[in-house]
Every structure is written in C-alpha cells, then in structure tokens.
Amino acid sequence: MSDTTTPDISHDVLFGIAQLALEQVEGIRLLTPPPRVGEFLSGRRAKGITIDREGEVVDIALSVNVQYGIEIPRVSDRARTVVREAVASMTGLEVRSVRVNVMGIDTDQAQKESEGNG
C-alpha cells in the first residue's frame, strides 16, 4: 500500500463532517425527516443530509430550516461553502456539489420548542 492511497471513508464520517460544519452557520438548522423502517432497525437516522459518492467525488444535499428574518440566499451560500470546504479538506475527496434545500422557516417559538425537546 502506498502513502498516496486514499483511506476508505464511511458515509457516517462524511455525515458527521457535514453536520459539524453546518453547525458553524448561524440561522440554519438541519431538518430531521421522519424515520424509515430501515433506520429503526439499524439505529441510524439521516438528519437532513444526503450524500452520494462515486469513487473520489461526492455530492451533498442538505435539507434545512432557516430562522425567520435571515436572508436565505446568504445563509445558503455560507452553508454550501463551509460544508464543501470541511468535507474536501478533511477527506481529500472532490465535492462536486452541495445543494441546500430550504424546507421551512423557524420562528422564535418553533426554535425554542425544538431546542427544549432536543
């Protein structure tokens, strides 16, 4: 094995990197989709992140809610940038795309309730 061989990086690691990077972006949070049967059985649950990998190339989709009053294009651009840079720099993989799908708006009350339950 040579030193230039890329290590095998699991999807869980890619999810974790993307999730931690997104936490740096104020005014945006991942949407937690309803669980699927396989997720119950495996104990794993996607948290608004979809990652497709073809060899050394990765496509990422983020499903998020944006806080009311935040400029959506600006926060979406920031999310794309931090996730792309984190995944690329930590894994050496090429991040072909990061799509941000805004699924809803969080009001102050909805944000407080979600933080209280989480």
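Screening GLU56, GLU85, GLU71 for residues that are without any contact (Cβ under 8 Å) to a residue 24 or more places away in the chain, charged (D, E, K, R) and at negative phi leaves exactly one candidate, GLU71.
Conditions (1) modelled with pLDDT of 95 or more; (2) assigned to a helix (DSSP H, G or I); (3) more than 15 Å from GLN19 (Cα to Cα); (4) aliphatic (A, V, I, L, M), marked per residue:
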{"position": "LYS47", "(1), (2), (3), (4)": "no, no, no, no"}
{"position": "THR50", "(1), (2), (3), (4)": "no, no, no, no"}
{"position": "ALA79", "(1), (2), (3), (4)": "yes, yes, no, yes"}
{"position": "VAL82", "(1), (2), (3), (4)": "yes, yes, no, yes"}
{"position": "GLU85", "(1), (2), (3), (4)": "yes, yes, no, no"}
{"position": "MET90", "(1), (2), (3), (4)": "yes, yes, no, yes"}
{"position": "ARG96", "(1), (2), (3), (4)": "yes, no, yes, no"}
{"position": "ARG99", "(1), (2), (3), (4)": "yes, no, no, no"}
{"position": "VAL102", "(1), (2), (3), (4)": "yes, no, yes, yes"}
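Taken over segment 65-77, residues that are surrounded by 19 or more Cβ atoms within 10 Å (Cβ to Cβ) and assigned to a strand (DSSP E or B) amount to 2. Among the numbered conditions (1) farther than 18 Å from PHE15 by Cβ; (2) loosely packed, with under 13 Cβ neighbours inside 10 Å; (3) at pLDDT below 95; (4) not aromatic (Phe, Trp, Tyr), the only one that GLY118 does not meet is (1). Among residues of segment 11-24 that are under 15 Å from ALA88 (Cβ atoms), those with a Cβ under 8 angstrom from a residue that is at pLDDT 95 or above and among the acidic types (Asp, Glu), sequence gap 6+ or separate chain, pair up as ALA21/GLU85.
The values are calculated or read from the model by the stated rules, or taken from the named source; none is laboratory data. Quick caveat: nothing in here was measured; it's all calculated off a predicted structure. All Cβ positions, even for glycine, are placed from backbone atoms using ideal geometry, and neighbour counts span all protein chains on display.
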